[in-house]
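The values are calculated or read from the model by the stated rules, or taken from the named source; none is laboratory data. This one's a predicted model, so the numbers in the text were calculated from it and none came from an experiment. FYI the Cβ positions are ideal-geometry reconstructions off the backbone, even for glycines, and counts take in every protein chain you see. Just so you know, the surface numbers come from the protein's heavy atoms only, side chains and all, with ligands and any DNA or RNA stripped out. Shrake-Rupley method; radii C 1.70, N 1.55, O 1.52, S 1.80 Å.
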Amino acid sequence: MKASKRVQWGSVPLPVDRLSFPDRLFLTLSLAGLLLWAFPHVTFAQTVQEMPMIFQIDQTVPDQAILTPHEDYLAKILAADVPSKPADPRVELLRGYLETKHSPLADHAETLLQQYHYRLILGISFAESNFCRNQIMPNNCWGIGGGNPEQYATLDDGIVRANDLIQKYQNLGMTNPQLMRNTWVGWQNHSWVVAVNQVTQDLEQNGL
């Protein structure tokens with residue numbers, strides 16, 4: 001008599017040789033599932049060790065693409081949407097006007113037009129120095145400083161200084177050449193007022 005093959009299922013011994021093939025397959029899968037549930041880390045580690053590690057390098061992307069510096073695309077888009085500021089057409093008009101006067105101020109037309117009181121700046125420069133052709137001190141075309149005239153590093157600096165001084169006069173109520181004359185010149189020089197008014201009127205007639 002053959003000895004019956006048995007397998008233990010929990011506390012119940014089962015005769016293997018009496019089981020059909022489907023029963024044996026089910027029993028084998030059940031045992032495997034039990035092992036996976038009881039020792040998941042051991043089973044997973046064994047599975048990972050059996051799997052070969054494969055590294056693949058994609059050669060379709062050129063190396064330089066990885067090293068491309070960051071580009072601020074948003075800034076480019078915003079810059080493209082902002083229209084460039086058109087050039088002030090008055091610059092050429094004023095430059096041409098001052099060139100007819102042979103004035104060194106012709107090359108500083110843009111700076112002049114950036115000043116609020118540019119007409120008075122030019123009018124006073126005519127009355128004091130014939131449009132900067134006869135400067136009292138370097139880059140001082142307006143007689144600023146009186147008996148102790150000021151000097152400036154550049155004509156642009158002189159232009160800005162003249163604008164600031166004119167604004168101070170206006171803040172004190174001296175809002176036209178007639179009212180400015182006695183303080184700016186120091187005496188009642190009527191020709192000074194005439195010269196300043198002549199230039200401011202010329203500028204207005206020329207669209208400036």
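Averaged over residues, the count of other Cβ atoms within 10 Å places the peptides 121-133, 92-104 in the sequence 121-133, 92-104, highest first.
Given R0 = 22 Å, the distance between the Cβ atoms of Asp88 and Thr154 translates into a calculated FRET efficiency of 0.60.
Classification of the stretch 113-208 by its C-alpha gyration tensor yields a rounded form. The axis ratio a/c (a ≥ b ≥ c) stays under 1.5. Stretching Lys168 away from Ser30 to a fully extended chain increases their span by 39.7 nm, per 0.36 nm per residue minus the current alpha-carbon distance. Here the accessible area is traced with a 1.4 Å probe on the protein chains. For the stretch 83-208, carbon and sulfur cover 48 percent of it.
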